[in-house]
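Okay, structure first, notes after.
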Amino acid sequence: MCGIVGYIGEDNCVPIILTGLKRLEYRGYDSAGIGMLVNDKCYIQKSVGKVAVLEEILEAGAVSSSIGIGHTRWATHGGPSSENAHPHFNEDRSISLIHNGIIENYSVLKKELLAEGYQFVSETDTEVIVHLIDKFVKKGNSLFRATRKALAEVEGAYGLCVISNKEPDKIVVARKGSPLVIGIGNGANFVASDVTPLIEHTSKVIYLDDNEVAEVYKDKIRTKTITDEEIIKEIQEVKMNLDEISKGGYKHFMLKEIMEQPESIRNSMRGRFLYEFGTARLGGLRTVQDRIANSKRIIISACGTSWHAGLVGEYMLEQFTGIPVEVEYASEFRYRNPIVDKNDTMIFISQSGETADTLAAMLEAKRRGALVLGLVNGVGSSIARESDAGVYIHAGPEIGVASTKAFTSQLVVLALITLLIGRKKHMSQIDGQKIIDEMQTIPDKVEEILKLNEQIEKIAEEFVDAKNFLYLGRGYNFPVALEGALKLKEISYIHAEGYPAAEMKHGPIALIDENMPAIFLAPKDSVYDKIISNIEEVKARKGKIIAIASVRDNTIDSLVDYTIKIPDTIRMLMPILNVIPLQLLAYHIAVKKGLDVDQPRNLAKSVTVE
Ligand code: G6P
């Protein structure tokens, strides 16, 4: 949520910040702003819309500076407007500040500050921090100390950067609940809300932890806790290259990421099979695997697409480990009084590793004594660092707001965990080896499905004007139906519902008429005949039907309007194959509607607010 980039060094910060903000636009894109020190004054420029709008304004003004901070916003408090865009500033504009997160006690603080004579120009929660800092600076504190004192009064989450024309040699940054990374350059330093804007400048980074504040000079960094303790931070090496975060010739990141899936799936599996023993090798779980196998219960918690992966995980783990599994929205888990203890294992799934609800649910489960595992893509992310143990999915950076390759990699890793724990329970070596054999065929099968891109694009043409869609599947394919519907909603703004196919007759069937397309996930499995009956029910009501079916199925074509034929696999791996045509269909419908696929309205890639 919201992107942050800052630079201090010898060069002009403007192009560095603008390029960085563009890389971060997936975190929010309703307004943007930059603050820098020009001729001993804080220069601030903001604009509504994407970073490109800000860029035009800056190019026209031709300002430059060797210290600056930039922000791309996803609105929480106060709509997208130039007043509400960051940076925010104090009355004499000597201090400017950008912030990612939410200040929960802002109305109390605002009341106090108003009573002290402070004036507010925006509707944001952020503005209270800049006035609080101003108050402490006026009492004689340095910017570094004033920021720490201000943050001691603040409740909520923040990743923030502050500059002041009175101390032009530093950027002060802080973190609690929202990520903040410092990039270490040569005679220059960088700050950002994640590593993507940093990697073209440096591979050396420092991840701030919660309650830490740093003073970043061009040639040194000093870090303290909010409570004034000096700390030495470890410098880490980031292994990511520019190709991984560029479109590589594709029109959209989403299409690139869909097409990358044979490779991302391979990467998620690489080196993780122990074929001889019919099991998986997951280094991150080595010390806890017996505890997982002995848990009374496994609870999977996540948000959005990652929650759908969790639902598939429930089917896999229950089928092969015999351990009862529950799946819960992280946002619900954290706000009830969950009965969780040391006998439970909780798996938190998150692409970004930064989703606020998932992180908070994980910390709550940890507090209650459960073993907490992180299944994340974001290397070095908060969930990865706070969990007891975990597994990286290794899907590579995912930039498109609608998650695609992360989902299939999450499923691969859930299958690996199922293998590992299943083998410690009742799964035989031969059964484990059969699963491994089948998993190894998945990347090639995905490749086969991706060849259907043109066929799917043609089908999409027929449905550009549809107002509603129904996605239906059973068993392992029910979560896929939910995920297919979510993909369509997110990027095409068409209302879509996923449903267990058999539940259709208990409600959604009332919606079916000749204008209602229904997508059936109809593989040749044990419930195939039942799915065919559900197809007949829709057909009898003149609904338009698209079926995702097996290449072996020669009878379904005569029953439905469109078929997309895909290779077979074992039940537990079917979701990985079945979701691919649904990703492509959603993508092509949205493109044909002329919509911004990579940055759909109102959404953000990484939701670091509640
Ligand atoms: C946002 C994104 C979704 C994502 C969800 C969970 O809503 O738009 O695509 O599935 O957050 O994100 P996470 O990073 O925790 O998987």
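The values are calculated or read from the model by the stated rules, or taken from the named source; none is laboratory data. Here the structure is a predicted model, which is why all the values come from computation and not from measurement. Note that we place each Cβ from the backbone using ideal geometry, even for glycine, and neighbour counts take in every protein chain shown. Side chains are part of the model used for accessible areas, which takes the heavy atoms of the whole protein and leaves out ligands, DNA and RNA. Shrake-Rupley method; radii C 1.70, N 1.55, O 1.52, S 1.80 Å.
Is it the case, given these coordinates, that GLU398 is near the ligand (Cβ under 10 Å from one of its atoms), farther than 15 Å from ILE298 by Cβ and not hydrophobic (A, V, I, L, M, F, W, C)?
Working: near the ligand (Cβ under 10 Å from one of its atoms): yes; farther than 15 Å from ILE298 by Cβ: yes; not hydrophobic (A, V, I, L, M, F, W, C): yes.
The answer is yes for GLU398.
For GLU438, all conditions in the list (1) under 17 Å from MET316 (Cα atoms); (2) crowded, with 20+ Cβ neighbours inside 10 Å hold save one; what is the number of the exception?
(2)
Restricting the search to region 530-584, which residues are under 35 Å from the mean Cα position of the chain (by Cα), farther than 19 Å from LYS487 by Cβ and of a type in the set (Lys, Arg)?
LYS565, ARG571
Restricting to region 454-481, name every residue that is polar (S, T, N, Q) and open to solvent by less than 30 Å² (accessible area, probe 1.4 Å). Walk me through it before giving the result.
Step one: of region 454-481, the residues polar (S, T, N, Q) are 455, 468, 477.
Within region 454-481, just ASN477 meets the criteria.
Test of understanding: among GLY177, GLY248, GLY183, GLY187, which residue is on the phi > 0 side of the Ramachandran plot, open to solvent by less than 70 Å² (accessible area, probe 1.4 Å) and out of contact with any Gly (no Cβ under 8 Å at 6 or more places or on another chain)? Quick ask: steps written out before the conclusion?
On the way: GLY177 fails: out of contact with any Gly (no Cβ under 8 Å at 6 or more places or on another chain); GLY183 fails: on the phi > 0 side of the Ramachandran plot; GLY187 fails: out of contact with any Gly (no Cβ under 8 Å at 6 or more places or on another chain).
On inspection, the qualifying residue turns out to be GLY248.
Considering only region 297-312, I want to know if a residue exists there that is charged (D, E, K, R) and outside any strand (DSSP E or B). Walk me through how you get there before you give the answer.
The initial filter retains those residues of region 297-312 that are charged (D, E, K, R), namely 297.
Next cut, outside any strand (DSSP E or B) only: none.
Scanning region 297-312, I find no residue that is charged (D, E, K, R) and outside any strand (DSSP E or B), so the answer is no.
Out of VAL325, VAL379, VAL372, VAL288, I need the residue that is of a type outside the set (Asp, Glu), under 22 Å from the mean Cα position of the chain (by Cα) and either at pLDDT 95 or above or on the phi > 0 side of the Ramachandran plot (or both). Which one?
Answer to the check: VAL372.
Have a look at ILE383, ILE349 and point out the one that is within 16 Å of the ligand (Cβ to nearest atom), open to solvent by less than 10 Å² (accessible area, probe 1.4 Å) and assigned to a strand (DSSP E or B).
Values: ILE383 fails: assigned to a strand (DSSP E or B).
The unique qualifying residue is ILE349.
With LYS489, LYS505, LYS530 as the choices, which residue is out of contact with any Cys (no Cβ under 6 Å at 6 or more places or on another chain) and under 20 Å from VAL579 (Cβ atoms)? Explain how you work it out, then say what you get.
On the way: LYS505 fails: under 20 Å from VAL579 (Cβ atoms); LYS530 fails: under 20 Å from VAL579 (Cβ atoms).
It is LYS489.
Tally time: how many residues in region 296-323 are open to solvent by 10 Å² or more (accessible area, probe 1.4 Å) and either among the charged types (D, E, K, R) or closer than 15 Å to ALA370 by Cβ (or both)?
The number of residues fulfilling the criteria is 4.
Condition first: modelled with pLDDT of 85 or more and either in contact with a Phe, Trp or Tyr (Cβ under 8 Å, 6 or more places away or on another chain) or open to solvent by 10 Å² or more (accessible area, probe 1.4 Å) (or both). Now tell me which residues in region 488-505 satisfy that. Talk me through it step by step, then tell me what you get.
The initial filter retains those residues of region 488-505 that are modelled with pLDDT of 85 or more, namely 488-500.
Within region 488-505, LEU488, LYS489, GLU490, ILE491, TYR493, ILE494, HIS495, ALA496, GLU497, GLY498, TYR499, PRO500 meet the criteria.
(1) among the β-branched types (Val, Ile, Thr); (2) open to solvent by 10 Å² or more (accessible area, probe 1.4 Å); (3) within 11 Å of the ligand (Cβ to nearest atom): which one isn't true of ILE339, the others all being true?
(3)
Residues that are open to solvent by 50 Å² or more (accessible area, probe 1.4 Å) and under 19 Å from ILE133 (Cα atoms): list the strands (runs of 3 or more DSSP E) wholly contained in region 1-101 that include at least 2 such residues.
Per the criteria, 41-48.
Of the residues GLY101, GLY140, which is on the phi > 0 side of the Ramachandran plot and in contact (Cβ under 8 Å) with a residue 24 or more places away in the chain? Steps first, answer last, please.
Details: GLY140 fails: in contact (Cβ under 8 Å) with a residue 24 or more places away in the chain.
Within the list GLY101, GLY140, the selection yields GLY101.
I'm trying to understand the selection: among the residues of region 300-326, which are more than 16 Å from the ligand (Cβ to nearest atom), among the β-branched types (Val, Ile, Thr) and touching a Gly at 6+ places or on another chain (Cβ under 9 Å)?
Step one: list which residues in region 300-326 are more than 16 Å from the ligand (Cβ to nearest atom), which gives 314-326.
Filter once more, keeping what is among the β-branched types (Val, Ile, Thr): 321, 323, 325.
Scanning region 300-326 gives THR321, VAL325.
Any residue in region 198-212 that is closer than 13 Å to ILE8 by Cα, assigned to a strand (DSSP E or B) and not polar (S, T, N, Q)?
Checking region 198-212: not a single residue is closer than 13 Å to ILE8 by Cα, assigned to a strand (DSSP E or B) and not polar (S, T, N, Q).
If we keep just the residues of region 572-610 that are more than 16 Å from the ligand (Cβ to nearest atom) and touching a Ser or Thr at 6+ places or on another chain (Cβ under 8 Å), which is farthest from TYR250 (Cα to Cα)? Steps first, answer last, please.
Applying the first criterion (more than 16 Å from the ligand (Cβ to nearest atom)) to region 572-610 yields 572-574, 576-578, 580-581, 584-585, 588-589, 591-594.
Narrowing the set further to residues that are touching a Ser or Thr at 6+ places or on another chain (Cβ under 8 Å) leaves 572, 576-577, 580, 589, 593.
Numbers: MET572: 31, ILE576: 22, LEU577: 22, ILE580: 17, ILE589: 17, LYS593: 18 Å.
Filtering region 572-610 for residues that are more than 16 Å from the ligand (Cβ to nearest atom) and touching a Ser or Thr at 6+ places or on another chain (Cβ under 8 Å), the one farthest from TYR250 (Cα to Cα) comes out as MET572.
Looking at region 360-377, can you tell me whether even one residue there is within 13 Å of the ligand (Cβ to nearest atom), in contact (Cβ under 8 Å) with a residue 24 or more places away in the chain, in a loop (DSSP other than H, G, I, E, B) and open to solvent by less than 10 Å² (accessible area, probe 1.4 Å)? Quick ask: steps written out before the conclusion?
So in region 360-377, the residues within 13 Å of the ligand (Cβ to nearest atom) come out as 360-362, 374-377.
Going one step further and asking which of them are in contact (Cβ under 8 Å) with a residue 24 or more places away in the chain, we end up with 360-362, 374-377.
Subsequent filtering for residues that are in a loop (DSSP other than H, G, I, E, B) retains 377.
When the remaining residues are screened for being open to solvent by less than 10 Å² (accessible area, probe 1.4 Å), the result is none.
Within region 360-377, not a single residue is within 13 Å of the ligand (Cβ to nearest atom), in contact (Cβ under 8 Å) with a residue 24 or more places away in the chain, in a loop (DSSP other than H, G, I, E, B) and open to solvent by less than 10 Å² (accessible area, probe 1.4 Å).
Kindly provide the set of residues from region 226-254 that are free of Cβ contacts under 8 Å to residues at least 60 places away in the same chain and outside any loop (DSSP other than H, G, I, E, B), ordered by number.
If the condition is that a residue be free of Cβ contacts under 8 Å to residues at least 60 places away in the same chain and outside any loop (DSSP other than H, G, I, E, B), then GLU230, ILE231, GLU237, LEU242, ASP243 are the ones that fit.
What are the residue pairs meeting all of these: first residue in region 288-310, first residue within 28 Å of VAL579 (Cβ to Cβ), second residue part of a helix (DSSP H, G or I) and among the charged types (D, E, K, R), Cβ atoms under 6 Å, and 6 or more apart or on different chains?
Between residues of region 288-310 that are within 28 Å of VAL579 (Cβ to Cβ) and residues that are part of a helix (DSSP H, G or I) and among the charged types (D, E, K, R), the close pairs are CYS303/ASP357; HIS308/GLU483.
Residues of region 112-151 being within 22 Å of ASN100 (Cα to Cα) and charged (D, E, K, R), which ones?
Matches in region 112-151: GLU123, ASP125, GLU127, ASP134, LYS135, ARG145, ARG148, LYS149.
Between a first residue in region 548-575 that is under 20 Å from GLN261 (Cβ atoms) and a second residue that is open to solvent by 70 Å² or more (accessible area, probe 1.4 Å), which pairs have beta carbons less than 6 Å apart while being 6 or more apart in sequence or on different chains?
SER550/LYS524; LYS565/VAL551; PRO567/GLU448; PRO567/VAL551
Out of (1) within 10 Å of the ligand (Cβ to nearest atom); (2) open to solvent by 10 Å² or more (accessible area, probe 1.4 Å); (3) assigned to a helix (DSSP H, G or I); (4) out of contact with any strand residue (DSSP E or B) (no Cβ under 9 Å at 6 or more places or on another chain), the odd one out for PHE407 is which?
(2)
Tell me which residues, restricted to region 146-188, are among the hydrophobic types (A, V, I, L, M, F, W, C) and assigned to a loop (DSSP other than H, G, I, E, B). Let's see the steps before the verdict.
Here is the first cut: in region 146-188, the residues among the hydrophobic types (A, V, I, L, M, F, W, C) are 146, 150-152, 154, 157, 160-163, 171-174, 180-182, 184, 188.
If the condition is that a residue be among the hydrophobic types (A, V, I, L, M, F, W, C) and assigned to a loop (DSSP other than H, G, I, E, B), then VAL154, LEU180, ALA188 are the ones that fit.
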